[in-house]
Amino acid sequence: MDVMDASAPTHIAHRDNHTHRDVNGGWLRPAVFGAMDGLVSNLALMTGVAGGAVSQQTIIITGLAGLAAGAFSMAAGEYTSVASQRELVLAELDVERRELRKHPKDELEELAALYESRGVEPELAREVARQLSKDSEQALEIHAREELGIDPSDLPSPAVAAVSSFGSFALGALLPVLPYLLGASQLWPAVLLALVGLFGCGAVVARVTARSWWFSGLRQLALGGAAAGVTYVLGALFGTAVG
């Protein structure tokens, strides 16, 4: 059975059958990795404390403190990182805007040379550059894309990055604490729920990778489980030494 509909126009058939996954991950990638970070770090923190044979109340307080501290740290770090990146991009755009205003001919020749280097005939490259440079904002956008590799109309928001990081980390970090908040008195329900969450996050990440969902899920499960196991052993050793 043919994939394409023979009665459909070629460009429509090509559009419908030639699609790619979002290689940047969009919102999915940072959200899932934020949740993974919260899961692994809080699970490891709680298992490390539990290894020291402390009370149930201490484990709960540790988990909630790890959730709050990690979420605020992630939000602050993400806000600062994205804000700094955005400010740098805006500064570079100002530089390019001034160059376009002061040296329009040089910038036009620069753009034409770029198209020539990609195989466009010299005369056609200059004509394309001339037409694209008629509108100053369009010219700025083209130069930003070609020279800086950025899209001026699609700059990241520091506030959105901070809020999403806070929420995803907090959600992931909540899973190991949840069984205790619901009345569990042993560590294994918290570990089990966290490992299930890690497998689920890993499986979701497969949407933006070439790996199968089960491989990605098992890999994250193994890494998170190893972190929890190591910190539990360390907690038990430190608890014995201190005791």
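The values are calculated or read from the model by the stated rules, or taken from the named source; none is laboratory data. Remember, predicted model here, so these are calculated numbers, not experimental data. Counting neighbours? That spans all protein chains shown, and the Cβs are built from the backbone with ideal geometry, glycine included. SASA here: full protein model, heavy atoms, side chains in, ligands and nucleic acids out. Shrake-Rupley method; radii C 1.70, N 1.55, O 1.52, S 1.80 Å.
Please list 3J(HN,Hα) in residue order for segment 160-173, calculated via the Karplus relation 6.51 cos²θ - 1.76 cosθ + 1.60 where θ = phi - 60°; whole Hz, with x for glycine and proline.
5, 4, 5, 5, 5, 5, 4, x, 5, 5, 4, 5, x, 5
Please report, largest first and rounded to whole Å, the three semi-axes of the ellipsoid equivalent to segment 96-243, where each semi-axis is the square root of five times an eigenvalue of the C-alpha gyration tensor.
56, 18, 15
At a 1.4 Å probe radius, carbon and sulfur cover how many percent of the accessible area of segment 91-243?
Details: 5720 of 9180 Å².
Within segment 91-243, the accessible surface is 62 percent carbon and sulfur.
Can you give the local net charge around Phe199? Use residues other than it whose beta-carbon is closer than 15 angstrom to its beta-carbon, Lys and Arg +1, Asp and Glu -1.
+3
Could you give the longest part of the chain that holds none of the trypsin sites (Lys or Arg not before Pro) found in DSSP loops with at most 12 neighbouring Cβ atoms within 10 Å?
Within the chain, the longest run free of exposed trypsin sites (Lys or Arg not before Pro) spans 135-243.
Grab the DSSP H runs of the chain that are 4 residues or longer, score each as -39,500 (n - 2.57), total them, divide by all residues and round the 222 nm result to the nearest 500 deg cm²/dmol.
-26000 deg cm²/dmol
Using modelled amide H (1.01 Å from N, peptide plane; none on Pro or chain starts), what sits under 5 Å from the amide H of Leu155, excluding residues fewer than 5 places away?
none
What is the set of long-range amide H partners of Ile150 at a cut-off below 5 Å, with H atoms built 1.01 Å from backbone N?
For Ile150, whose amide H was placed from the backbone, the distant partners under 5 Å are Arg145.
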